[in-house]
Amino acid sequence: MKIIKKLFILPFIFSLLVILLFPMAFVNNKTRDTPSGSNNITGTNDTTNIDINHPSYKQNNPLWPKFNGQCTWFAWSRSNQLFGVKLPTRDAKHWYDLAKSMGFKVGSTPSKNSVMVITGTMFGHVAFIEAWDGENITVSEGNVNWTGYMPPDGVGIYASDEEVLKHIRVSTHNFNQYRKNLITRGRKIAGFIYLE
């Protein structure tokens, strides 16, 4: 009887150890840091006004090159490019509180030219709000549908600007439906960092 118990318990313990030691192996890479997957997108992916060769995306950004392509890299870059501001540089889930402590105005209502902070995942997610009409939001965001290589330190580094551009999305969503989709996936909007 003791041998039978061990035969059932040992695989369970081994599986638990693998999950604890290598949690990123069990994350769905297609939507790892993206808040909404591809649901509710009504706009097109027009990234023509996003110039990742601008200094805000490269040498002026403290997140470049190590976090090149990540959502934090993109939101920091876009905000700096348009407003010259320097946002937090930690994981996205901390941005709301950090920005507030840095003197940025924050709140719970979407606004054009703000940064939306989403929590509920290991790192969180941030996206730049390009437009808000009272019902729909247009967001630009990095690290969308990430399927690239995940090095041992857990940081995805894209090999080229072309690869980075593949993971930048501009999309329009009904805000209420967007928020509901987040909740059904165990995520929530922590708030917005207002840049103007």
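The values are calculated or read from the model by the stated rules, or taken from the named source; none is laboratory data. The structure displayed is predicted, hence computed values, not measured ones. Please note: Cβ atoms are built from the backbone with ideal geometry, for glycine as well, and neighbour counts cover all protein chains shown. With ligands, DNA and RNA removed, areas are computed over all heavy atoms of the protein, side chains included. Shrake-Rupley method; radii C 1.70, N 1.55, O 1.52, S 1.80 Å.
Of all residues in segment 101-136, those that are surrounded by 16 or more Cβ atoms within 10 Å (Cβ to Cβ) and closer than 14 Å to residue 191 by Cα total 18.
As for segment 144-163, it holds at least one residue that is within 18 Å of residue 49 (Cβ to Cβ), modelled with pLDDT under 95 and surrounded by 13 or more Cβ atoms within 10 Å (Cβ to Cβ).
Scanning segment 33-56 for residues that are at pLDDT below 60, open to solvent by 30 Å² or more (accessible area, probe 1.4 Å) and β-branched (Val, Ile, Thr) turns up 41, 42, 44.
Residue by residue, here is whether (1) part of a loop (DSSP other than H, G, I, E, B); (2) of a type in the set (S, T, N, Q); (3) within 19 Å of residue 167 (Cβ to Cβ); (4) out of contact with any Cys (no Cβ under 6 Å at 6 or more places or on another chain) holds:
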{"site": "88", "(1), (2), (3), (4)": "yes, no, no, yes"}
{"site": "97", "(1), (2), (3), (4)": "no, no, no, yes"}
{"site": "103", "(1), (2), (3), (4)": "yes, no, no, yes"}
{"site": "111", "(1), (2), (3), (4)": "yes, yes, no, yes"}
{"site": "115", "(1), (2), (3), (4)": "no, no, yes, yes"}
{"site": "118", "(1), (2), (3), (4)": "no, no, yes, yes"}
{"site": "121", "(1), (2), (3), (4)": "yes, yes, yes, yes"}
{"site": "128", "(1), (2), (3), (4)": "no, no, yes, yes"}
{"site": "131", "(1), (2), (3), (4)": "no, no, no, yes"}
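The C-beta contact set for segment 122-146 (first residue of a type in the set (D, E, K, R), second residue open to solvent by less than 10 Å² (accessible area, probe 1.4 Å) and not in a loop (DSSP other than H, G, I, E, B), distance under 6 angstrom, 6+ apart or interchain) comprises 130/140; 141/71; 141/127. Filtered by the rule that a residue be surrounded by fewer than 24 Cβ atoms within 10 Å (Cβ to Cβ), hydroxyl-bearing (Ser, Thr, Tyr) and modelled with pLDDT under 95, segment 57-100 gives a lone residue, 89.
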